[in-house]
Amino acid sequence: MNKRFLTFALAKGRMAYTAMDLLEKAGIHCEEMRDRNSRKLVFVNEELGLRFFLAKSPDVPTYVEYGAADFGIVGKDILMEEGRRVYEVLDLDFGKCAMCVCGLPSAKELLCHHEFIRVGTKYPHIAKDYFFNKKHQTVDIIKLNGSVELGPLVELADVIVDLVETGSTLRDNGLVILEEICQVSARLIVNQVSMQMNSERIKQIISAMKEAL
Amino acid sequence: MKLLHTPEGVRDIYGNEYARKLWVEGVIKKQLNSYGYMDIMTPTFEYFDVFAREIGTTPSKDLFKMIDGDGNTLVLRPDFTPGVARCAAKYFGDTDTPLRFCYHGNTYTNTSSLQGKLKEVTQMGVELIGDDSIHAEAETIALAIEALLAAGLLEFQISIGEVEYFKGICEAAGIDAQMEAKLRDLISEKNIFGVEEVLLEAGADDKSREQLLRITDLLGTQEILAQASEEAGNQRSQAAVLRLCELYKVLGEYGVDKYVAFDLGMLSHYNYYTGIIFKCYAYGVGDVIAKGGRYDNLLEQFGEKKAAVGFAFTIDALMAALYRQRVLIKETATDTVEYSHDFADQLNAVKERRRAGEQVALNPGKATEDQR
């Protein structure tokens, strides 16, 4: 049973490099993955019995839920949006940003009187939960797939729900944060079956990563 | 009209796949009957109240509902237990000896779209009613293990928890019901930093905070029970650990102790389970293949106070695990015989083989079609 490879799924992009730094600090190396020109999809560390792969961030919890990966490193925003059955074991304290309602300064008024407005977002579940269950405001949610900031500018949406890190894209387009929904950061998630059936090894890795934080 | 596909979440099962499923169901059913469990069939739909929040484990929004002619809300069963409990309370109220029921059928949950989960799955399980001893839990767990072995599953594990351990600590720390529910959700997701946040906010004392944080670590072989006992610190939690130790001993007598592990952070989202709970995990499937536990308060809701323990297999998840673990299931091949003008002769030969137990289909051959 100990022969089994443990697999990490990392969210593609900037977060993957920060995640790799953290893994290295915890004594988990994967040199192959550092090579940005590599066309390989799965990277292996034979010595530690570990495998790594990069996936589009919304798919990371899916890989972990189905056991295609034992561990995943992904943002809390994705976990909230996807609602997968996984164990969320560590707050990794990087990739910090805020989930916010943004729009033109004049849109502030629209959030105060339970008005029926249009909300553009890449995160329809989070937006729906916030407006329906927390603000009790009936809204029309429009799913967008990128450049969400365009929504209020071309009047597709009255406001948007999106992640804000530095806020520079918002500023450049004359948009402002109207309300903050919650803070998000990168999380370590674990497959439930692996956690139960391979608890010793998994607990070891979790505590090594905790130390490295 | 040309509708060729099924709605999302339901599917056709046919051919070899269905033959394999029926074979597995047959093997398991034989195992359940061998322990003296009596087959029971309850209706596919019942009044909403039978599955309402105080009783069931499925939130109302996930239930398939219909309205009948009198305006009653009816629900397609999301699981069998409430129906069997209702039936046991209704027809077996005056029996003092333990009752053993086993059931088999499809269940329905209106789960979220596009997550690759089925809305109709086959469940097979048992309820042991009127026995509050540890031997009742041991019997159901041993039965689940033996049934899985009979079906040929290789790598699996039953993780056992005891909700009283967590409740004891909460009680000793003076944590109110609302906060307990919050902690229960976070601990069952093993979200330790979430637990810490909630406890700091609530201003819980250091000792109970440490105890609650350590619950998620109490996961592994029976060795963790000694550690759990040390850390329990209150009678209610101590008693829970003691029950788990006893249970482990009886499982040893059944000879199935090597398939079990313990997880004191396993808590059900609902107040339905009252003592020991367990889940069966297998590599290759994201979902649990069986779950169960003790639910001593359920029958009371139907007017009969009786202890009860039970579990259910999700056959579809089990089939996926067998497939992923490459367990081969023997298939009976069907032979096809063709007839032309010699129909009577061929029929006689086929009759003979069918009587001998072979599967033989009789088809018109090419020659016959030419004759037409």
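Please treat every number below as a calculation from the coordinates, not as lab data. Note that the structure is a prediction, hence the values are computed from the model and not measured. Every residue, glycine among them, receives a Cβ derived from its backbone with ideal geometry; neighbour counts consider all protein chains shown.
Would you list which lysines come within 23 Å of B:K330, measuring only between C-alpha atoms, while excluding same-chain residues fewer than 8 positions from it?
Excluding near neighbours in sequence, the set is B:K21, B:K29, B:K30.
Give the distance, in whole Å, between the Cα centre of the range A:97-140 and the Cα centre of the range B:305-354.
Here the answer is 55 Å between Cα centres.
Through the Karplus equation 6.51 cos²θ - 1.76 cosθ + 1.60, θ set to phi - 60°, convert the phi angles of the range B:94-103 into ³J(HN,Hα) values in whole Hz; use x for Gly and Pro.
Per residue, the Karplus-derived 3J(HN,Hα) values read 8, 8, 9, 6, x, 9, 10, 10, 10, 9 Hz.
Treating only the Cβ of Lys, Arg, Asp and Glu as charged (+1, +1, -1, -1), what charge dipole size does the protein assembly as shown show about its Cα centre? Round to the nearest 20 debye.
1220 debye
How large is the charge dipole for chain B, taken about the Cα centre, if only the Cβ atoms of Lys, Arg (+1) and Asp, Glu (-1) carry charge, to the nearest 20 debye?
960 debye
Could you tell me which residue out of A:F94, A:L156, A:F71 lies farthest along the dipole of chain A toward its positive end? Charges go on the beta carbon: Lys and Arg +1, Asp and Glu -1, centred on the Cα centre.
Farthest towards the positive pole: A:F71.
What residue among B:S340, B:S133, B:S229 has the largest mean-square fluctuation in a Gaussian network model of chain B, using Cα springs under 10 Å?
Maximum among the listed residues: B:S340.
Mind checking the angle between helix A:199-212 and chain A's longest principal axis? C-alpha axes, 0 to 90 degrees, to the nearest 10.
In chain A, helix A:199-212 runs at an angle near 60 degrees to the longest axis.
With a sphere of radius 15 Å drawn around the Cβ of B:G310, what net charge do the other residues whose Cβ falls strictly inside it have (Lys, Arg +1; Asp, Glu -1)?
-1
Check A:I117: other-chain or 5+ apart residues with amide H under 5 Å from its amide H, H built from backbone geometry?
Those lying under 5 Å, H to H, from A:I117 are A:D140.
Within the range B:8-51, list the chymotrypsin sites (Phe, Trp or Tyr not before Pro) lying in a DSSP loop whose Cβ has at most 11 other Cβ atoms in a 10 Å radius.
B:Y14
Towards the positive end of the charge dipole of chain B, with charges on Cβ (+1 Lys, Arg; -1 Asp, Glu), say which of B:Q178, B:F278, B:F343 has the farthest Cα.
Of the candidates, B:F343 comes out farthest on the positive side.
Helix hunt in chain B: which complete DSSP H runs extend at least 24 Å axially by C-alpha with mean Kyte-Doolittle at least -1.0?
Once both thresholds are applied, what remains is B:15-34, B:134-151, B:235-254.
Any chance you could list the semi-axes, whole Å, largest first, of the equivalent ellipsoid that the Cα gyration tensor gives for the protein assembly as shown, using √(5λ)?
44, 34, 28
Ordered by residue, what ³J(HN,Hα) values in Hz, to whole numbers, does the range B:154-159 give under the Karplus form 6.51 cos²θ - 1.76 cosθ + 1.60, where θ = phi - 60° and Gly and Pro are x?
Coupling constants for the range B:154-159: 9, 10, 8, 8, 9, 9 Hz.
Could you work out which residue, out of A:N198, A:N45, A:N133, moves most in a Gaussian network model of chain A, that is, has the largest mean-square fluctuation with Cα springs under 10 Å?
For chain A, modelled as a Gaussian network with Cα springs under 10 Å, the answer is A:N133.
Pairing the Cα long axis of helix A:14-25 with the longest principal axis of chain A, what angle in degrees results, from 0 to 90 and rounded to the nearest 10?
30 degrees
Suppose R0 equals 41 Å; then what is the FRET efficiency for B:D185 and B:T332 from their Cβ-Cβ distance, rounded to the nearest 0.05?
0.30
Using Cα positions and a limit of under 30 Å, work out the lysines in reach of B:K366, with same-chain residues fewer than 8 apart set aside.
B:K351
Would you tell me the mean number of C-beta atoms belonging to other protein chains that fall within 10 Å of each C-beta in B:282-294, as a whole number?
Per residue, the number of nearby Cβ atoms from other chains is 3 on average.
Select from A:Q183, A:L213, A:S147 the residue farthest towards the positive end of the dipole of chain A; place +1 on Cβ of Lys and Arg, -1 on Cβ of Asp and Glu, and compute about the Cα centre.
In chain A, that residue is A:L213.
Is there a simple number for the mean count of other chain Cβ atoms within 10 Å of the Cβ of residues in A:191-203, and what is it?
6
Name the residues whose placed amide hydrogens come within less than 5 Å of the amide hydrogen of A:T7, ignoring near sequence neighbours (fewer than 5 apart) on the same chain.
Counting only residues 5 or more places away or on other chains, the set is A:R51, A:D70, A:F71.
Beyond 20 Å, how much of the Cα-Cα pair distribution for chain A remains, as a whole percent?
The answer is 61 percent, as a whole percent.
With springs only between Cα atoms under 10 Å apart, run a GNM on chain B and tell me which of B:L200, B:L99, B:L299 wobbles the most.
Greatest mean-square fluctuation among the candidates belongs to B:L200.
Apply the Karplus curve 6.51 cos²θ - 1.76 cosθ + 1.60, θ = phi - 60°, to the phi angles in the range B:63-73 and return the couplings in whole Hz, x for Gly and Pro.
Whole-Hz 3J(HN,Hα) from phi for the range B:63-73: 9, 7, 10, 9, 10, 8, x, 8, x, 6, 8.
Can you give me the orientation-averaged projected area of the convex hull built on the Cα atoms of chain B, in nm²?
25.7 nm²
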